[in-house]
Every structure is written in C-alpha cells, then in structure tokens.
Amino acid sequence: MSPYVTEWVNLILRFTHVITGIAWIGASFYFVWLDNHLEKPPSWKSDKGIGGDLWAIHGGGFYEIAKYKHAPEKMPELLHWFKWEAYSTWLTGFVLLSLMFYVGADIYLIDPSIAQLSQMQAITIGLSVIVGGWVVYDVLCRTKLANHSLILGIILMALITGLSYILSETFSARGAFMHIGAVIGTVMAGNVFFTIMPSQRALVTSVAQGEPVDPSWGAKAKLRSTHNTYATLPLVFIMISNHYPMIFNHEYNWLVLMVIFVITGAIRQYFVAKHKGNQNSLVLVAAVISGISLAIFIAPNTTISKLERQDLKSQTVDLQKIKSIITHRCTSCHSSSPTDDVFTVAQGGVMFDNLSQMSRWAPRIQARAIEAKDMPFMNKTNIEDSERNYIALWIALGAPVK
Ligand code: HEC
C-alpha cells in the first residue's frame, strides 16, 4: 500500500474509533449517572414494580425515566440494547493497532535498543498478551474472588503493573503503552460481549417466558460493569498519552503509567460517589496533589535547566555546527524533501531546512530531543549525548540564527 493510502486508512480508522469510543463511553457514563441519581418513585409507580424514578430536561424536552426493580411484567415490543458502540470501538481499535504496530512493527513496535525481535515474534507477543490478558482476567472473575471485589481489584492492579513492566522491556515505549491499552480495551469489550450481553439475554428470556429472574446474572454483569467504569479514564489516558513523550518515554514509564492509573481511577471514583451525593472531596484533592507531584517527580533533569542556572554570557555556539548536527540527525525525516526510507513526508509538519526554521522549532526540539529524548525517532540516526548537549546550549542561549 502506498504511504498516502495508508495514511488515509489510518485517519479514517482513527476517526471512527474516536467517534464509536465517544458513543460507548458516553452511554456508559450516562447509565452510571442515571443509576446513581434514581429517586424513590411515588407509590403508583412502585406498585408497577418500578424501583427508581428520574426526571431530566435536555434539548428542550422533559424526560421521565423509570428503572424496574427486577423486570417489567411483560417485554416491551422494542427494547434498546447498547452493544455496537463497544464492539465497533474494539474492532476499529484492533484494526488500527494492527495497521500501525503490526504491519508497521519495524517502525513502531520493535525498538532494537530494548529487544531485538523479528516482526513475527513481536506480533506473536502482542497478540498473546491481548488474548492472555483477557483469559487471566476472566478466569479470576469466575473464582470466589468475585465476592471480594477489593482484593480482586488489588490483584488485577498488581498483574497489570507486572505486565506493564514486562512490556516496557519488550516493545518500544509507544508499543508497550498501546498494548496495555489494548489489554484493558479488550477486557472492557470482552465484558460486554461475554458476560454483560449473555446475562441480559438470559434476563430478557426469563421475563418473556414469565419465569422468575435469577439475581446472579445481574450480580455478574454488575462486577464487570464496575470494572469497566474504573478502567475508562486510564484507558483514554493511555490512548492520548502516545502524543506525550514525557510520559511514555520516561525511564520508568511503566511505573508512571500505573500511578496515572490509580489517579484517574480515583477521579472516576470521586464522580461516581458524587452522583450518589456522598463524594469525598479528599479523593479529588489527593488525586490532584498526586498528579502535580508526579509531574514534578518526572520532570526532566535537563541540561537546559542546568545551563540556565549558569552564567551563559561567556558561552558561544558555532551555528554551523548546530546546523550540521540537526541536518545529520533530523532532516532525514524533517525537511521539505525527506530522505528516510519510511517517513516520506516531513513528520509532524516539522521541517529543519535552514537555521531560522530550526530556531522557530526550538521549544519543541527541547521537548523532544533534549528532554523526553524520543527524537530522533527511536534514535534511528544515532544522535550522541554530546550533540544533544550542544543543541541544549544553543537553545539556552535563545536559539540564535546569527
Ligand atoms: C526516523 C525519522 C525521524 C527522525 C530522524 C527525527 N524525527 Fe522527529 N518526528 C518523527 C515522527 C514519526 C514524528 C511524528 C510523531 C510524533 O510526533 O511523535 C516526529 C515529530 C517531531 C516533532 C513534532 C511534534 C512536536 O512535538 O511538536 C518534533 C519537534 C521533532 N520530531 C523533532 C525532531 C528532532 C529535533 C530530530 C533530530 C534530533 C528529529 N525529530 C528526528 C520522526 C523522526
């Protein structure tokens, strides 16, 4: 496939993935919100078996929502299910992952400085992790641990931390992050497909046949749906963190991710409790403080901040040398006519054709090549630390062009 066609396929898949993801998460947030805002219904409603009552106004109309305690007496003619949002998010996500990280394994998934894998090996590991992650999770949820949700939660967190560490030693930083995201996304969609939907189908069948409802179906679906609620924010975070190398390219990226997992999970917890009117503001405060502490803790100890503390007046840089470093290490992917074998258009729209362009991009060069060090991309052009330091000095001096 020509790179141009691949780009379009990638764009359309990503667009669809985001839209279906919004529909899925939106519906799921809405139902969590609904459940937690239900009021005790008036007696004429509770006589009909309605357990929860709710009024809302939206888009210029009044809505009256009723939730049955168990089930309606007879099935309505039209019953809306919410499943395609989840399935289509998973499917588009999987195809997108395969296109970027499996077809493009040599570019995005394999980092020879971390592990020398063949494309086949990398893909096999990736797929095994996704399938294995689901199997381990599903088996655990079927054991007696299901009755001890806190212990189960702690075990799941420990497992995902272990996996995150192993993947950070196996794949490129982006590849490792995206696979943790794929495992969580698969667990969430798997919960819908393998547990929540079958439970609901059983529920509907027994109502339709006028049989008593087995409460264990509801309980099983509830556990899985609780897990999905708490996994949502970490999952979305992972998806967007791929644009922030300060997170995914950090030396302890796997640990950083787990801290973020806890922080975002706590934020979700706060809002779920808030719907019920018993939120604990300390949870939100703790999450914000932890987030800020994390940001301070992982701040790059860069040469630039060290340089800025020194007296720079006596220092000078050889601009020809700056130009030569950037031309050698960066312009293969960042110029009006790139020469790289894979990246054939200026990546990220960044071009370093001359010193003034280089100077204009100085803040981003600092972020990517000096601080997060994820540029040059997987250090394909073998930049040396001394060269990064020299660029850092130039930027500390204000990135002069003459
Ligand atoms: C092998 C190809 C390759 C090389 C060499 C390379 N880059 Fe990149 N660069 C990329 C790709 C791919 C992207 C887009 C993906 C992304 O932003 O992570 C990118 C994006 C960028 C961006 C734009 C995004 C932003 O953060 O604003 C900057 C700046 C950047 N690179 C700087 C550099 C610098 C500086 C060098 C040299 C020290 C360099 N790159 C060398 C491939 C490369």
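The values are calculated or read from the model by the stated rules, or taken from the named source; none is laboratory data. None of the values given here were measured: they were computed from a predicted structure. All Cβ positions, glycine included, derive from the backbone under ideal geometry; neighbour counts span all protein chains shown. Just so you know, the surface numbers come from the protein's heavy atoms only, side chains and all, with ligands and any DNA or RNA stripped out. Shrake-Rupley method; radii C 1.70, N 1.55, O 1.52, S 1.80 Å.
Only a single criterion out of (1) within 32 Å of the chain's Cα centre (by Cα); (2) part of a helix (DSSP H, G or I); (3) closer than 16 Å to Ala399 by Cα is not satisfied by Gly348, namely (3).
Does region 74-81 contain any residue that is surrounded by 15 or more Cβ atoms within 10 Å (Cβ to Cβ) and at pLDDT below 95? Scanning region 74-81, I find no residue that is surrounded by 15 or more Cβ atoms within 10 Å (Cβ to Cβ) and at pLDDT below 95, so the answer is no. Which one of Arg364, Arg329, Arg368 is near the ligand (Cβ under 10 Å from one of its atoms) and surrounded by fewer than 15 Cβ atoms within 10 Å (Cβ to Cβ)? Criteria check complete, one pass: Arg364.
Quick grid of which residues meet (1) free of Cβ contacts under 8 Å to residues at least 12 places away in the same chain; (2) among the acidic types (Asp, Glu); (3) within 27 Å of Asp111 (Cβ to Cβ); (4) open to solvent by 70 Å² or more (accessible area, probe 1.4 Å):
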residue	(1), (2), (3), (4)
Glu308	no, yes, no, yes
Gln320	yes, no, no, yes
Phe343	no, no, yes, no
Asp374	no, yes, yes, no
Asn379	no, no, yes, no
Leu393	no, no, no, no
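Just to be sure before I move on: is Asn249 touching a residue at least 12 places away in the same chain (Cβ under 8 Å) and within 16 Å of the ligand (Cβ to nearest atom) in the structure I sent? The answer is yes for Asn249.
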